[in-house]
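Peer 1: Sharing a structure below in structure tokens format, with a few things to ask.
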Amino acid sequence: ASAFKAVDGFNAALIAGEEPELCVRLRKSGWKIFRIDGEMTHHDAKMTHFSQWWKRMVRAGHAYAEGSWLHGATPERHWVKESRNIWLWGFIFPATAIGTVPLSGGWSLLMLLIYPILTAKACYSFYRQGTSLRHAALYAYFCILSKLPGVIGQFRFHVNRLLSQQSTLIEYK
């Protein structure tokens, strides 16, 4: 409780990613975070529709952007890699492939074949870790696809930040 109070608890302004952000501030204040190797709770997101998953990924993208904005310049580089990854695969790469169509006569669209390759690579990695092939393929597919709604969340965070507007909860249920 004293550690929690020392860093003023959870940041009430965040719409997601509160616990990892709290941990960054705790470590910055000299505290250590220990993880217990055991299930402490069951988090049931109850997502049964694609639209719910999409909104959840928009929210995650927002959380990565906000976390990296708040703590990305620290030695920990909180969520900087994840944010860059979202921008690269969710915006820069597809925008380049589509935007250069007039210059390439359409050949630049072949760049988009990287997505099935990335999905196959991720699938193989998850499969090697002991996941069934079906689950590995689904998980890999959605990991790659998540970059698109993630960039929407990143964009929303930065627009709100530039306009000095408080972000509101992105509800997915």
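The values are calculated or read from the model by the stated rules, or taken from the named source; none is laboratory data. From a predicted model like this one, the values you see are computed outputs, not experimental measurements. Counting neighbours? That spans all protein chains shown, and the Cβs are built from the backbone with ideal geometry, glycine included.
Peer 1: Using beta carbons and a limit of 6 Å, which pairs, at least six apart or on different chains, have the first residue in segment 120-141 and surrounded by fewer than 12 Cβ atoms within 10 Å (Cβ to Cβ) and the second one modelled with pLDDT of 95 or more?
Peer 2: What qualifies is Leu133/Tyr127.
Peer 1: Just to verify a result, which residue in segment 89-119, among those that are of a type in the set (Phe, Trp, Tyr) and more than 13 Å from Tyr141 (Cα to Cα), is surrounded by the most Cβ atoms within 10 Å (Cβ to Cβ)?
Peer 2: Checked segment 89-119; the qualifying residue surrounded by the most Cβ atoms within 10 Å (Cβ to Cβ) is Trp89.
Peer 1: Right, here's the next one. Please determine whether any residue of segment 98-114 is closer than 30 Å to Cys23 by Cα, modelled with pLDDT of 95 or more and touching a helix residue (DSSP H, G or I) at 6+ places or on another chain (Cβ under 7 Å).
Peer 2: no
Peer 1: Hey, any hits in segment 74-97 for a residue that's of a type in the set (A, V, I, L, M, F, W, C) and on the phi > 0 side of the Ramachandran plot?
Peer 2: Scanning segment 74-97, I find at least one residue that is of a type in the set (A, V, I, L, M, F, W, C) and on the phi > 0 side of the Ramachandran plot, so the answer is yes.
Peer 1: Follow-up question, since we're still on this one. How about segment 102-117: which of its residues are farther than 18 Å from Trp89 by Cα and of a type outside the set (S, T, N, Q)?
Peer 2: So in segment 102-117, the residues farther than 18 Å from Trp89 by Cα come out as 102-107.
Scanning segment 102-117 gives Pro102, Leu103, Gly105, Gly106, Trp107.
Peer 1: Are any residues in segment 145-157 in a helix (DSSP H, G or I) and closer than 20 Å to Pro94 by Cα, and if so, which ones?
Peer 2: Across segment 145-157, the qualifying residues are Leu145, Lys147, Leu148, Pro149, Gly150, Val151, Ile152, Gly153, Gln154, Phe155, Arg156.
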